[in-house]
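What follows is a single structure, written as structure tokens, with notes after it.
Taken together, the values in this text are just the output of simple stated rules run on the coordinates, not laboratory data. Small disclaimer: the values here were computed from a predicted structure and weren't measured. Here Cβ is always computed from backbone atoms with ideal geometry, including for glycine, and neighbour counts include all displayed protein chains.
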Amino acid sequence: MAAMTYTSVPDADEALRRVLAAAPVDPREPSVIYSNADGLFEVLAVHQPPKGGRQYRVRNLHTREVHTTGAIWTCSDRVEKSAVA
């Protein structure tokens with residue numbers, strides 16, 4: 001049996017990028033509190049750069065330190081308090 005070769009399909013890659021950019025699988029919005037192995041964080045702001053992805057300005061609720069992260073949401077992240085609508 002011949003091995004199949006993988007070829008990138010630019011149109012499909014771009015379509016997937018647009019879908020993920022339009023509806024990211026990430027509950028982090030301003031005022032959400034979430035936790036992970038690194039600590040407990042409050043989301044202060046969300047920024048979506050033109051090239052895609054998301055950046056979050058967060059405050060560590062234990063140290064009060066504010067920083068920016070672009071880390072993706074994983075199965076080890078948990079929402080502790082949802083945003084108030």
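Each Cα pair under 8 Å and six or more residues apart adds its sequence gap; the mean of these over the residue count of the range 27-81 is a relative contact order of 35 percent.
Over the C-alpha atoms of the range 27-81, the Rg to Rh ratio, Rh being the Kirkwood estimate, stands at 0.94. Taking GluC sites (Glu not before Pro) across the range 36-85, the ones in a DSSP loop with at most 12 further Cβ atoms lying within 10 angstrom of their Cβ are E65.
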